[in-house]
Each structure stands twice: as C-alpha cells, then as structure tokens.
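Below: one structure, written as structure tokens.
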Amino acid sequence: MNPTTQLPSLPDHLSIDPRSPHYNAEVFEHDVGIRLNGKERLDVAEYCISEGWVRVPAGKTLDRRGHPLLIKLKGQVEAFYRSTP
C-alpha cells in the first residue's frame with residue numbers, strides 16, 4: 001500500500017449486504033478484519049461496535065429469499081484493516 005493512501009475510517013455499524021443502509025463500498029475496497037472477544041472471525045456479515053454484536057451465517061441455512069440465515073453473537077467487537085504483505 002502506498003504511504004500517501006489514506007484508509008477510510010471504519011464505521012460503527014457495517015454490513016456486507018449491498019441492500020443494507022449500513023453498506024459502505026468504499027470500506028470494502030480494503031481487507032477488513034473483525035475480532036469478537038479477542039478471536040478473529042472470518043464469517044461476519046454485519047457488525048456493530050457500540051452495541052457489541054456481530055451477525056454470522058447459521059450454517060448452510062437459507063431464508064425464504066435464498067439469503068443466508070444470520071444469528072447474532074454478542075461480545076466485545078473490534079474492527080481493523082488487515083495489512084497486506
């Protein structure tokens with residue numbers, strides 16, 4: 001990454017679903033990581049730092065529209081940009 005490139009600040013609430021009002025394409029141009037209770041999660045679909053929760057898919061279960069069924073996990077949430085080697 002070029003040192004003059006500024007990363008956008010990570011929002012308090014972010015979703016990977018483009019239909020969501022919490023979706024931010026500018027943030028997803030970079031590799032975002034999420035830690036829940038100190039453990040990095042790779043399957044997070046949505047998070048909220050201030051409320052302390054993440055939403056993750058419930059296995060292979062789909063809702064009636066064909067989207068993954070999400071469950072909410074609570075704990076200490078930390079969002080960060082992963083550094084690229």
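Of all stretches in the chain that contain no trypsin sites (Lys or Arg not before Pro) in a DSSP loop with at most 13 other Cβ atoms within 10 Å, the longest one is 20-63. Whole-Hz Karplus values for segment 11-16 come out as x, 5, 10, 9, 10, 8 Hz, taken residue by residue from phi with 6.51 cos²θ - 1.76 cosθ + 1.60 and θ = phi - 60°; glycine and proline positions read x. The label-point distance for I16 and R65, in a model that sets each label 7 Å from Cα toward Cβ, rounds to 1.7 nm. The overall shape of segment 13-81 is oblate: from the C-alpha gyration tensor, with semi-axes ordered a ≥ b ≥ c, the ratio a/c is 1.5 or greater and a/b is no larger than b/c. The lysines whose alpha-carbon is closer than 19 Å to the alpha-carbon of K39, local same-chain residues fewer than 8 away aside, are K72, K74. Mind putting a number on the dipole of the chain about its Cα centre? Charges go on the C-beta only, +1 for Lys and Arg and -1 for Asp and Glu, and I need it in Debye to the nearest 20. Computed charge dipole of the chain: roughly 420 debye. Label-to-label distance for D43 and K74 is 2.1 nm, based on points extended 7 Å past Cα in the beta-carbon direction. State whether segment 44-85 is rounded, prolate or oblate according to the following rule on the C-alpha gyration tensor (a ≥ b ≥ c being the square roots of its eigenvalues): a/c under 1.5 gives rounded; otherwise a/b larger than b/c gives prolate, and the remaining case gives oblate. It is oblate, given that a/c is not under 1.5 and a/b is not larger than b/c. Relative contact order for the chain: 29 percent, from Cα pairs under 8 Å spaced at least 6 residues apart, divided by residue count.
Within the chain, the longest run free of GluC sites (Glu not before Pro) that sit in a DSSP loop with at most 15 other Cβ atoms within 10 Å is 52-85.
Read the figures in this text as sums done on the coordinates, not as results from a lab. Computed from a predicted model, the values in this text were never measured in an experiment. Cβ: placed from backbone, ideal geometry, glycine included. Neighbour counts: every protein chain shown.
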